[in-house]
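Okay, structure first, notes after.
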Amino acid sequence: MLTAHNPILKGFHPDPSICRVGQDYYIATSTFQWFPGVELYHSRDLIHWEQLPSPLTRVSQLDLRGNPNSGGVWAPCLSHSDGIFYLIYTNVKNFHGIYKDTHNYLVTATDIRGPWSEPVYLNSSGFDPSLFHDDDGRKWLVNMKWDPRYGNHPFDGILLQEYSSAEKRLIGQPVNIFKGTDVRVTEAPHLYKMNGYYYLMVAEGGTSYAHGIQMARAKSITGPYEADPLPLLTTRHDRDYPLQRAGHGCLVDTPDGDLYTVFLCGRPADGRCILGRETGIAQLAWSEDGWLRLKDGGILPPLTYTSKLPKAPANPIPEIDIFNQGTLPRHYKTLRLPFGERMGSLTARPGWLRLYGREAITSWNETTLVGRRLQAHRTETTVKMDFAPGDYQHMAGLAVMYDSYNFFYLHMTADDRGHRELRIIYRDNKDFFDPLNGGFVTIPDEGSVWLRARLEGTELRFLYATDGKNYTPIGGVLDCANLSDEHYAAMGHEGHTGTFVCMACQDLSGCVEGDVCYADFESMTCRTLMD
């Protein structure tokens, strides 16, 4: 018996979708504005997870240029049928206010590692699409329907429509099969056929602290659907529980017939989930009246869980990344565009990652940021950088980023005479701040510099060194509670991502190709600090 702690995928891994093929389990999670699109993981014991290549690696599959913060890939659904993997996803181009542009697509592959097909457009009526493969061979798409009419509740239930694999399009007319319960905000639908019923799993209550998983069932796929009198899983009634915001689930069975649900959750630090929404897992059991319940009872997600499956090899993400492999490690992401020759190079200086300066760190189009998600509340991230800025419009350094509205940036630039200096800028929603009050730290005009970010809960400290050993604090203690969905919500905005630590480079001078500035990074170390 193997025992593990929730969450199983730590750091920004929301909206999990899970499927099994034989002895193999696969999870897909949302990536929003980060590229490549959709994270994929593989396991054989539901405890140890190996990151696989992302499926959406081409702009033709996923064009994120101009997408707003927290737009992009929402709630992918991964399924398998007749030797083919199906991946459904939404590319959210706009979601602020009463209107949403939520375009839903389908890609397929015969191998989970790819290559994945070009996308088939499905619809734009709402987000969180999911594909159900019925035992009669028919396939059905379900997604929530968005109502933009002023004064109406925007979540207008769950649409069902048949998908034709032969025609590669939806056919027939959509049917609204479930309006949800009084909790409202009904989304994230998944269909299953078990024990003579069609079971519909949905999320309700929104993705914050009222979130939860609700089940409904019907004898016919088109309904009517009867709602379970109890939520399957939620923490909305216990704000002191270590796992919060639990909801948005997906079912999987084992070869022995055991049932599990994966779900999203958050681990607050000082009331803020700065790591983003993460993925947990819980075992289920049937009640006497035919509803699914948590195996250990209650509706709170378990803090630990046990797997009877044989132990599989662990595949931990390394703490230290040396950029000498010719490709970026899979756990690195870029913003809105794939890593390519305009953004950087892994061969221009062997053993180093070269980043070319592009648009500002706040750009929604072409900015150079390469980073990895934070996965613990107490971490220390260090980069070794070579950079020769020629002007104050040239910048490169270490960013701790939720999105372009909320970030902290320790960077090197140049003064009016071309001498190197370190500065800090941070953004809290739409306001910019400088903890040095216009000041800076002068450093030698030649040689490497080491930049460090130490995160402890919602406190952030920057440090630097010119010898890689003797680090000097810069900027004092910074409150980084703004790196969270909760901070967005308190300011009247909507955000859904998590915190990344990023190497960055900008050239705001608009120099012609070939004259653009660049920064070289030899390594990035992201280690967890022990209590």
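The values are calculated or read from the model by the stated rules, or taken from the named source; none is laboratory data. Since this is a predicted model, take the numbers as computed values, not measurements. Because the Cβ atoms are built from the backbone with ideal geometry, glycine has one as well, and the counts that use them run over all protein chains shown. These accessible areas exclude ligands, DNA and RNA; they are computed on the full protein's heavy atoms, side chains included. Shrake-Rupley method; radii C 1.70, N 1.55, O 1.52, S 1.80 Å.
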*In terms of Cα to Cα distance under 16 Å, which lysines are near enough to residue 469, apart from those fewer than 8 places away along the same chain?*
384
*At 222 nm, what helix-only mean residue ellipticity would the chain give, in deg cm²/dmol to the nearest 500, using -39500 (n - 2.57) for each DSSP H run of four or more?*
-500 deg cm²/dmol
*How do 525, 110 stack up against each other in accessible area, from largest to smallest, with a 1.4 angstrom probe?*
110, 525
*asked:* I'd like the Karplus ³J(HN,Hα) series for the range 290-297: coefficients 6.51, -1.76, 1.60, θ = phi - 60°, whole numbers in Hz, and an x wherever there's a Gly or Pro.
replied: x, 10, 7, 9, 4, 4, 8, x
_Within the accessible area of the range 285-342 (1.4 Å probe), percent carbon and sulfur_ = 54 percent
_Net charge of neighbours whose Cβ lies under 11 Å from the Cβ of residue 128, counting Lys and Arg as +1 and Asp and Glu as -1_ = -1
*Please work out the average accessible area per residue across the chain, using the 1.4 Å probe convention, and give it in Å².*
39 Å²
*Positive minus negative residues near residue 50 (Lys, Arg vs Asp, Glu; Cβ under 10 Å)*: +2
*Which entry is the computed Cα extents along the principal axes in Å for this structure: (i) 76, 49, 49; (ii) 74, 50, 40; (iii) 125, 52, 43?*
(i)
*Once the whole set of protein chains is in place, how much accessible area is left on residue 528, using a 1.4 Å probe, in Å² to the nearest 10?*
70 Å²
*Lys and Arg at +1, Asp and Glu at -1: add these up for the other residues within a Cβ distance under 12 Å of residue 506 and post the number.*
-3
_Which order do the peptides 212-223, 469-480, 307-318 come out in when sorted by mean C-beta neighbours inside 10 angstrom, highest first?_
212-223, 469-480, 307-318
_For a 32 Å ceiling on Cα separation, which of these pairs sit above it: 179/295; 168/308; 179/430; 93/168; 10/308?_
168/308; 179/430
*Rounded to a whole number, what % of the accessible area of the range 37-128 do carbon and sulfur atoms account for, probe 1.4 Å?*
51 percent
